[in-house]
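The values are calculated or read from the model by the stated rules, or taken from the named source; none is laboratory data. For clarity, every value in this text was computed on a predicted model and none was experimentally measured. Backbone-built Cβ (ideal geometry, glycine too); neighbour counts: all protein chains shown. These area figures cover heavy atoms from the full protein model, side chains too; ligands, DNA and RNA do not enter into them. Shrake-Rupley method; radii C 1.70, N 1.55, O 1.52, S 1.80 Å.
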Amino acid sequence: MPYLCSARDDTKIYKIKTMTTIIDGKLISLQIQEEIAAEVKAIKVNNGKIPHLAAILVGSDGASETYVGAKVKACEKIGFKSTMVRLSESTTEKELLYIVEGLNNDADIDGYIVQLPLPKHINEHNIVQAIAPQKDVDGFHPQNIGRMALNLPTYLPATPYGIIQLFERYKIDTAGKHCVIIGRSHIVGSPMSILMARNNFPGNCTVTMCHSRTANLKEYTLKADILIVALGKPEFITAEMVKDGVVVIDVGITRVISEVTKSGYKLLGDVKYDEVAAKASFITPVPGGVGPMTIASLLMNTLKASRKEIYD
Ligand code: NAD
């Protein structure tokens with residue numbers, strides 16, 4: 001167990017535990033959804049345009065179906081319009097580009113997503129590039145990534161945007177802190193490194209980016225005031241790798257077999273939760289931490305798109 005300090009007399013050791021705040025992503029995500037729902041009500045009262053999100057799903061990958069289904073359901077719950085475009089696995093790149101072009105030109109659709117991964121015969125990069133940047137509510141278009149790097153208003157990718165919201169809403173101090181990020185994917189690690197370094201709140205950190213080729217990883221994790229972990233290896237970060245008082249954001253989600261759950265599996269993060277939580281000042285659990293925030297991020301981006309907040 002962690003101690004901020006210990007005081008000793010002849011007979012006893014008095015130990016003062018670090019207070020750990022468990023970051024409740026589920027709660028924050030619901031709060032954001034309620035806030036957006038209230039805005040949609042106000043738009044309706046004023047006869048404004050109801051935000052409209054479309055989603056393209058190619059093929060019938062089970063996980064993708066679940067993700068898209070959850071996004072469409074969230075839209076309905078908060079009062080957005082939603083359109084689901086289902087395409088067969090055999091859809092060609094040319095056909096998909098034609099559909100994308102159609103959504104770009106559809107004035108009623110404010111923003112849309114193309115659920116990734118796409119079938120192997122379709123070049124994802126070509127599809128993402130074809131999305132009109134002003135409708136790219138996933139924030140994957142190179143123009144929006146460039147705007148993020150320049151600290152200009154943009155659509156932030158869902159997971160980093162969700163993490164930023166957690167820092168904001170829990171008022172976690174980031175300025176001047178050493179933020180260590182593990183993982184350099186385009187959807188999590190790389191954008192997080194940009195966001196945490198920029199001159200903003202949250203941000204203004206000194207950032208160290210670690211990845212699969214980093215030598216002596218523990219040397220870096222031990223120096224982290226803020227540790228953002230996105231590598232996809234369950235329970236990889238242990239207590240001996242972090243210092244007392246660290247802020248831990250665990251992005252990893254891995255489904256592992258479990259003999260105790262009804263479903264026969266459970267979700268694990270990249271952090272050995274119990275032992276690391278005992279040392280942390282703030283920590284996100286898995287599930288219930290970063291995961292639920294992604295839908296909230298998409299809805300926030302869609303609201304921005306309908307308000308023409310970023311591009312007019
Ligand atoms: P990825 O799977 O594309 O890549 C993993 C990264 O980890 C790579 O950059 C690699 O360099 C790094 N890495 C691998 N082994 C390492 C090691 N031993 N030491 C240091 N770095 C190492 O990354 P991703 O797509 O960002 O996914 C990471 C995890 O986050 C996965 O578990 C994924 O399911 C999860 N994820 C969760 C959410 C969410 O909403 N919570 C969103 C996206 C991804």
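Every listed requirement among (1) within 13 Å of the chain's Cα centre (by Cα); (2) open to solvent by less than 40 Å² (accessible area, probe 1.4 Å) is met by Thr302 save one, (1). As a summary of the residue check, Tyr220 satisfies the conditions (1) assigned by TED's automatic domain parsing to the domain that holds His178; (2) open to solvent by 20 Å² or more (accessible area, probe 1.4 Å); (3) away from the ligand (no atom under 16 Å from the Cβ); (4) in contact (Cβ under 8 Å) with a residue 12 or more places away in the chain except for the one numbered (3).
Can you tell me which residue is farthest from the chain's Cα centre (by Cα) among those in the range 179-213 that are more than 9 Å from the ligand (Cβ to nearest atom) and of a type in the set (Ser, Thr, Tyr)? Here the residue is Thr206.
If you go through the range 267-282 and pick out every residue that is away from the ligand (no atom under 14 Å from the Cβ) and either open to solvent by less than 30 Å² (accessible area, probe 1.4 Å) or not aromatic (Phe, Trp, Tyr) (or both), you end up with 9. Do we find a residue being under 30 Å from Ile36 (Cα atoms), open to solvent by less than 30 Å² (accessible area, probe 1.4 Å), out of contact with any Ser or Thr (no Cβ under 7 Å at 6 or more places or on another chain) and in contact (Cβ under 8 Å) with a residue 60 or more places away in the chain anywhere in the range 231-252? No - not one qualifying residue is present in the range 231-252.
Out of the range 99-133, which residues are aliphatic (A, V, I, L, M) and assigned to a helix (DSSP H, G or I)? Answer for the range 99-133, where residues must be aliphatic (A, V, I, L, M) and assigned to a helix (DSSP H, G or I): Ile99, Val100, Leu103, Ile127, Val128, Ala130. Output the number of the condition that Phe140 fails; it satisfies all remaining conditions of (1) in the same structural domain as Tyr67 (by TED's automatic domain parsing); (2) over 14 Å from Ile310 (Cβ atoms); (3) surrounded by 15 or more Cβ atoms within 10 Å (Cβ to Cβ). Failing condition for Phe140: (1).
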